[in-house]
Structure formats: structure tokens, C-alpha cells
1. In this structure, does Thr30 turn out to be within 8 Å of the ligand (Cβ to nearest atom), open to solvent by 10 Å² or more (accessible area, probe 1.4 Å) and of a type outside the set (Phe, Trp, Tyr)?
2. Report whether or not Thr19 is within 15 Å of the chain's Cα centre (by Cα), in contact (Cβ under 8 Å) with a residue 24 or more places away in the chain and more than 13 Å from the ligand (Cβ to nearest atom).
3. Kindly state which helices (runs of 4 or more DSSP H) lie completely within the stretch 110-202 and contain at least 3 residues that are charged (D, E, K, R).
4. Would you pick out the residues in the stretch 49-76 that are among the small types (Gly, Ala, Ser) and more than 16 Å from the chain's Cα centre (by Cα)?
5. Just one of Ser92, Ser110 is open to solvent by 40 Å² or more (accessible area, probe 1.4 Å) and more than 8 Å from the ligand (Cβ to nearest atom); which is it?
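The values are calculated or read from the model by the stated rules, or taken from the named source; none is laboratory data. All values reported here derive from a predicted model rather than from experimental measurement. In this analysis, Cβ positions are derived from the backbone assuming ideal geometry, glycine residues included, and neighbour counts consider all displayed protein chains. SASA here: full protein model, heavy atoms, side chains in, ligands and nucleic acids out. Shrake-Rupley method; radii C 1.70, N 1.55, O 1.52, S 1.80 Å.
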Amino acid sequence: MSRGIFITVEGIDGSGKTTQALKIKKLFETKGRKVTFTKEPGGTKLGAKIREILLYEDMNPVSEFLLFASDRKEHIQSLILPSIESGRVVISDRFHDSSVAYQGFGRGVSLEFIEYVHDKVLGGILPDLTFIFDLPPSKGLERLHSRDRIERAGLEFLTRVRNGYLSIAKTSDRFIVIDAGRDKESVWKDVEEEILKRGLIV
Ligand code: Z5A
């Protein structure tokens, strides 16, 4: 059986990560791998309900983080771990690093608390590879026309989130920062090259 692989895509809203994640999925499928393509929030049935609350209700930043963590617990237990254990490639559009960047750096929730919950409550699972699609927030918002309350939080907030991503990118070699301000094909070239370079396709 092939080894399970866990890949996540991260970045501010409108960074183009979903577009690139779909290309990663296609690449692995072309090579005969079974892929679980999922997202946070909302990768499970319960998560879809949590997502509705998260995107449209105002709340305290700690409550917000704990709801993202509840969504993640369900996601890890019912989909991510079983898929990895059965040898699939799991591609998740957002995961733990979104909480660090948005709730931690963006909203000021204690980074130690976020890491504690991740390690002790959610089991501490981390991706093999995380692409951070880096883009100036003004460019991301232009692409999206601000659809929900998190996107509407504005430029200052998204700048903190972006800087948060760039700061955590220095902490582990699982992170790859990609300049997302270019056309889709140029971005994809870099993503594909990194996947091949890391020997994830055999
Ligand atoms: N959130 C959080 O705060 N904490 C957490 O722990 C987690 C999440 C897990 C989820 O929103 C929200 O939850 C998110 C963070 C927060 N903030 N907000 N809002 P979502 O799931 O609804 O959306 P999103 O994750 O932010 O992604 P998105 O809005 O779908 O955008 P994207 O994935 O970055 O981009 P895209 O869908 O690939 O592309 C967006 C548009 O740009 C589309 O029209 C593309 O055709 C276009 N595009 C893509 N690439 C390019 C390039 N290279 N050039 C030009 N145009 C492009």
C-alpha cells in the first residue's frame, strides 16, 4: 500500500489556494493515487453546520478559535486520519495554520493556547507539506469582493494574518511560501516543482 500523505494549502482570502489545491489533486490522481480533497471549516457533516455559524455570526475571538477547533477535531477523527491510514493523499484547504494566522496573529488569541489545544486536544497531527500562498491583502480582496464577515474584517486584519503566515513559515521546513501574485500557471509551476523535488510522487 502507498504511504498516506497529508498536504495543506494556506493563505489569506483570495490567495488562489483552492485553485492550486485542485491542481495538486489532479497531479496525484494522474499518477494513480487516491485523493481525499477536503477543507476547513466544513469538511464534515457537522463541520458544515459549524461553518455556517463561523462565517456569519459575530463572536469573541476565543469562542471563534474553539469553534474552529471543534470543526477540526471532527475533521481529523472522521476524515483526515482514516484517509491517511488507508494510504490516501489528503489535501486540505486550510488546517491548523489558519487558526495560528487568523485567530492568533489576526485576532490576538494566545499562540501558546492555540498550540496547546492542537497538541493536547486535537492530537498534534501536522501536514507533511504546507503551501503558503503569499499575496498582498489588497490584491486578495480585489479577487473576492468580500463575501463574508471574516473577509470584511479588512486590510489591517489581513495584513496581520499575512505577516503571521510569513512568520510561522520560518519555523519548519514543511512550509513552502509561494508568490501568489502571479498568473495561475506560473504559480502552479512552482507548486508542482516543490512536490516533485520532495519525492512525493514516485
Ligand atoms: N478561518 C479561520 O479564521 N481560522 C481557521 O482555523 C480556519 C479558517 C480553518 C474560510 O473561508 C474562512 O475561515 C477564511 C479563514 C477562516 N476567511 N475568510 N473569509 P472560505 O473557506 O470561504 O474561503 P477561503 O478559504 O478564504 O478561500 P477562498 O475565498 O475560496 O479563496 P482562495 O482559496 O484563496 O482562492 P481561489 O478560490 O482559488 O480563488 C479566488 C478567486 O481568484 C477566483 O475567482 C480565482 O479564479 C481567482 N484566482 C485564483 N488564482 C489566481 C491568480 N493566480 N491570478 C488571478 N486570479 C486568481
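1. On the way: within 8 Å of the ligand (Cβ to nearest atom): no; open to solvent by 10 Å² or more (accessible area, probe 1.4 Å): yes; of a type outside the set (Phe, Trp, Tyr): yes.
It is false that Thr30 is within 8 Å of the ligand (Cβ to nearest atom), open to solvent by 10 Å² or more (accessible area, probe 1.4 Å) and of a type outside the set (Phe, Trp, Tyr).
2. Working: within 15 Å of the chain's Cα centre (by Cα): yes; in contact (Cβ under 8 Å) with a residue 24 or more places away in the chain: yes; more than 13 Å from the ligand (Cβ to nearest atom): no.
No.
3. Values: elements: 111-116, 137-144, 155-168, 184-197.
Helices (runs of 4 or more DSSP H) meeting the threshold: 137-144, 155-168, 184-197.
4. Going through the stretch 49-76, the residues among the small types (Gly, Ala, Ser) turn out to be 63, 69-70.
Matches in the stretch 49-76: Ser63 only.
5. Values: Ser92 fails: open to solvent by 40 Å² or more (accessible area, probe 1.4 Å).
Selected residue: Ser110, the only one of Ser92, Ser110 that is open to solvent by 40 Å² or more (accessible area, probe 1.4 Å) and more than 8 Å from the ligand (Cβ to nearest atom).
Here is a yes/no grid of residues against (1) over 30 Å from Lys189 (Cβ atoms); (2) in contact (Cβ under 8 Å) with a residue 24 or more places away in the chain; (3) among the small types (Gly, Ala, Ser):
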{"residue": "Arg3", "(1), (2), (3)": "no, yes, no"}
{"residue": "Thr8", "(1), (2), (3)": "no, yes, no"}
{"residue": "Ile12", "(1), (2), (3)": "no, yes, no"}
{"residue": "Glu29", "(1), (2), (3)": "no, no, no"}
{"residue": "Gly47", "(1), (2), (3)": "yes, yes, yes"}
{"residue": "Met59", "(1), (2), (3)": "yes, no, no"}
{"residue": "Ser83", "(1), (2), (3)": "no, yes, yes"}
{"residue": "Val90", "(1), (2), (3)": "no, yes, no"}
